[in-house]
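Novice: The structure's right below; bear with me while I get my questions together.
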Amino acid sequence: MSLIVGADGTDEPRNITNHPASDGNPTWSPDGNEIAFATDRDDNFEIYAMRIDGTDSPRNLTRNPAKDVFPDWSPDPTNPQIVFRSTRNGLNQLFLFDLETNALRRLTSSNANDDQPSWSPDASTIAFASNRYPDDRAISENGKQQHYDIYLLEPASRNLLRLTSNPVDEMYPDWNPEP
């Protein structure tokens, strides 16, 4: 699968990644000139970025044998960062990649799966799904896995807030772009 894009919905879609690998989970840069996406073109899923005008080759940002997926580009153009989910420490955890310094920072460290990160429009908070218990376990005393709830994380302080607590999976959080 290759990614395609129509600039304003009226243009014909065009292939911008032009590769036979599985390319998915696209996310736009704040200026709309680049995308980041997950791809298995290196035989495992990595996060790549490229200009949408085709003036550069897709570049591998994560370079790790773990599975890196679900990138989300920070909406703050003064602090270019991409949050993503990785299995590099065993379970699904959230990491932050700084596009200016190439620094990688682990955001979550739990005994559960943290998944599907989504930046708030003001770039102060990341919403994500997690199957953690309040005491950070992933498995209950009776051996059952916890369902997924939505959490909010402030990357700067790592303050964490559980937003939902329901007996069903709640996943794929997103934000209303209006203030």
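Novice: Filter region 27-51 down to residues that are assigned to a strand (DSSP E or B) and in contact with a Pro (Cβ under 8 Å, 6 or more places away or on another chain), then give me how many there are.
Specialist: Looking only at that region, the number is 10.
Novice: Can you tell me which condition Phe37 does not meet? The list is (1) within 20 Å of Leu153 (Cα to Cα); (2) within 11 Å of the chain's Cα centre (by Cα), and all the others hold.
Specialist: (1)
Novice: Please go through region 135-158 and pick out each residue that is modelled with pLDDT under 90, assigned to a loop (DSSP other than H, G, I, E, B) and under 18 Å from Asp115 (Cβ atoms).
Specialist: Once the filter is applied, which keeps residues that are modelled with pLDDT under 90, assigned to a loop (DSSP other than H, G, I, E, B) and under 18 Å from Asp115 (Cβ atoms), region 135-158 yields Asp136, Arg137, Ala138, Gln146, His147.
Novice: From the list Ser109, Ser124, exactly one residue is surrounded by fewer than 16 Cβ atoms within 10 Å (Cβ to Cβ) and at pLDDT below 95. Which is it?
Specialist: Being surrounded by fewer than 16 Cβ atoms within 10 Å (Cβ to Cβ) and at pLDDT below 95 holds for just one of Ser109, Ser124, which is Ser109.
Novice: Filter the strands (runs of 3 or more DSSP E) completely within region 52-118 down to those with at least 1 residues that are farther than 20 Å from Phe37 by Cβ and of a type in the set (Gly, Ala, Ser).
Specialist: In region 52-118, there are no strands (runs of 3 or more DSSP E) which contain 1 or more residues that are farther than 20 Å from Phe37 by Cβ and of a type in the set (Gly, Ala, Ser).
The values are calculated or read from the model by the stated rules, or taken from the named source; none is laboratory data. Model, not experiment: these values are computed from the prediction. Positions of Cβ are backbone-derived with ideal geometry, glycine not excepted, and every protein chain shown enters the neighbour counts.
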